[in-house]
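Notes for the one structure printed next.
The values are calculated or read from the model by the stated rules, or taken from the named source; none is laboratory data. Just so it is clear, the structure is predicted and the values come from calculations on it, not from any experiment. All Cβ positions, even for glycine, are placed from backbone atoms using ideal geometry, and neighbour counts span all protein chains on display. For accessibility, only protein heavy atoms count, side chains too; no ligands or nucleic acids. Shrake-Rupley method; radii C 1.70, N 1.55, O 1.52, S 1.80 Å.
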Amino acid sequence: MNKKKEAVIFGFALFAMFFGAGNLIFPPSLGIAMGKDWFLAGIGFLLTGVGLPLFGVLAFTKVGRLEDFSIKVSSRFNTIYCTALILVIGPLFAIPRTGSTTFEMGVRPLFPDTDPFLLAVVSSVVFFLATYLVVIKESKLTDIIGKFITPVLLVILAAIAFLGITGNIGIAVDKQVTGVFTQGFVNGYQTMDALASVLFGVIIIKGLEGKGITAEKDQRYFLTGAAFIAAAGLGLIYFSLMFLGSKISGVGAFETTSSALYLAEVTLGASGKILFGICVAAACFTTAVGLVAISAAWFAGLTRIKYNVWAVIVCVFSGIMALGGVDFIIKLSIPVLCILYPVTIILILLNIFGVKNVLVYRAATYATLVTITIEVGAQTLGLTGISELLKLIPLADAGFAWITPCILGMLIAYLISKTRNGQKEEK
């Protein structure tokens, strides 16, 4: 086996798994919002949009199964946590976003004079009906689309980046934004890739084992090599789109999806904009099929309801949610992601470093969960008193109030466990 060649192939496969519509629409929007400060925001975005997903995959060299990802906290917590992941990257947010992105970027530009709501309903029905049919028939259509669309999209993106960087599409303006790095960091949550990586990790480890690669050392070699390739690809796309977004930051206000379409139009023309939208729509379709299949399989395993029935439920619910539009889904998802992401970060790190002390594991997880839930709840409900009180915690002003309680919780739990072990030895 040629290890380097296999690592490169695996790297492109890993990149394709993470590459989706969210990776295209959020970077330029962030660049527009940050203006001249796009680079610092980009560093934060890169940490959560690229670094965390790759760490999530690497964590599975230590875990091996989704059922064991947070089992050290408790089996009930693991079930609730994994179900929350499935809901977020499934019917609540990620799947509906594929449908609404398809409409806004791929369908609406083709029929500008048609009633938007009627067109959105038709688009959603067709999109999720097709998704359901492919899911239950296990068609190879998504593989065919994926193998064709991803290269075409990358070529279009390369053209947009080259023409946008070398051309005169605008100039970055000073938006006088505060907390630039934190905003970039939190915006990276919207890709949902770190949450998906927890599920992708299972697929990747099984793929390696299917090729006879079972040794942990070999798995780390392939995952590390693939990680650099996938990170380089995603990072290059993110920074290019953020830079281009910053260049049009003075043009005007944009909806989340319209910024990417505008960049395609000013660099490639009207026909390029339409081609770009169609390619994004096709990419959304392959993503939707995969996420519906994962969601239906998970809930079928938890209940006595069959897989096909869950596929119908997920598609119908997602289709209704998609009618709200991308911006509506984003606003709805922000509080949930702001709670789920810090917990996922801690669990990924605990698994990567192989923490075996159960008390430390639980303390880190619960301290993070409680703190971030209080913080997000106070912000969402407008409880300024609690928000001001939380600012007394170190790093809270930077948007990371959960870090200090997490570290303190781990230290206290470690000291308690050491004391208990010492008492047992004396007896």
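Quick notes on this one:
- Matching residues, the range 364-378, being surrounded by fewer than 17 Cβ atoms within 10 Å (Cβ to Cβ) and either over 20 Å from L332 (Cβ atoms) or at pLDDT below 90 (or both): V370
- The set of residues from the range 272-284 being surrounded by fewer than 24 Cβ atoms within 10 Å (Cβ to Cβ) and not small (G, A, S) comprises K273, I274, L275, I278.
- Of residues in the range 345-380 being β-branched (V, I, T) and farther than 18 Å from T404 by Cβ, the one nearest to the chain's Cα centre (by Cα): I348
- Scanning the range 404-425 for any residue that is surrounded by 14 or more Cβ atoms within 10 Å (Cβ to Cβ), touching a residue at least 12 places away in the same chain (Cβ under 8 Å) and among the hydroxyl-bearing types (S, T, Y) turns up at least one such residue.
- Qualifying position, being closer than 29 Å to V336 by Cβ, in a helix (DSSP H, G or I) and at pLDDT below 85, among F200, F222: F200
- T79 fulfils the conditions (1) buried (at least 24 other Cβ atoms within 10 Å of the Cβ); (2) in a helix (DSSP H, G or I); (3) of a type in the set (S, T, N, Q) except for a single criterion, (1).
- Members of the range 117-130 that are more than 26 Å from N308 (Cβ to Cβ), open to solvent by less than 80 Å² (accessible area, probe 1.4 Å) and without any contact (Cβ under 8 Å) to a residue 24 or more places away in the chain: L119
- Single match in A378, A398 (criterion: under 23 Å from F181 (Cα atoms), small (G, A, S) and not in a helix (DSSP H, G or I)): A398
- The criterion of being at pLDDT 80 or above and open to solvent by less than 20 Å² (accessible area, probe 1.4 Å) does not hold for F299.
- Residue in the range 403-416 that is among the aliphatic types (A, V, I, L, M), farther than 20 Å from C338 by Cα and within 28 Å of the chain's Cα centre (by Cα) present: yes
- Qualifying residue in the range 20-34 (condition: closer than 17 Å to N351 by Cβ and either at pLDDT below 90 or not small (G, A, S) (or both)): no
- Scope the range 311-333; condition in contact with a Phe, Trp or Tyr (Cβ under 8 Å, 6 or more places away or on another chain), open to solvent by 40 Å² or more (accessible area, probe 1.4 Å) and under 20 Å from G382 (Cα atoms); matching residues: L332
- Scan the range 203-254 for residues that are free of Cβ contacts under 8 Å to residues at least 12 places away in the same chain and under 26 Å from V326 (Cα atoms) and the total you get is 3.
- A Cβ distance below 9 Å, combined with a sequence gap of six or more or placement on separate chains, defines the contacts here; from the range 286-304, residues that are over 9 Å from I86 (Cβ atoms) and in contact (Cβ under 8 Å) with a residue 40 or more places away in the chain reach no residue that is acidic (D, E) and open to solvent by less than 30 Å² (accessible area, probe 1.4 Å).
- Some residue of the range 51-71 being over 30 Å from K211 (Cβ atoms), open to solvent by less than 10 Å² (accessible area, probe 1.4 Å) and outside any helix (DSSP H, G or I): no
- Any pair with Cβ under 7 angstrom, 6 or more apart, that starts in the range 350-375 at a residue that is in a loop (DSSP other than H, G, I, E, B) and ends at one that is open to solvent by 20 Å² or more (accessible area, probe 1.4 Å): G354/K62; N357/Y414
- Matching residues in the range 386-395 - criterion: being touching a helix residue (DSSP H, G or I) at 6+ places or on another chain (Cβ under 8 Å) and assigned to a helix (DSSP H, G or I): I386, S387, L390
- For the range 99-116, filtering for residues that are free of Cβ contacts under 8 Å to residues at least 40 places away in the same chain and part of a helix (DSSP H, G or I) leaves 2.
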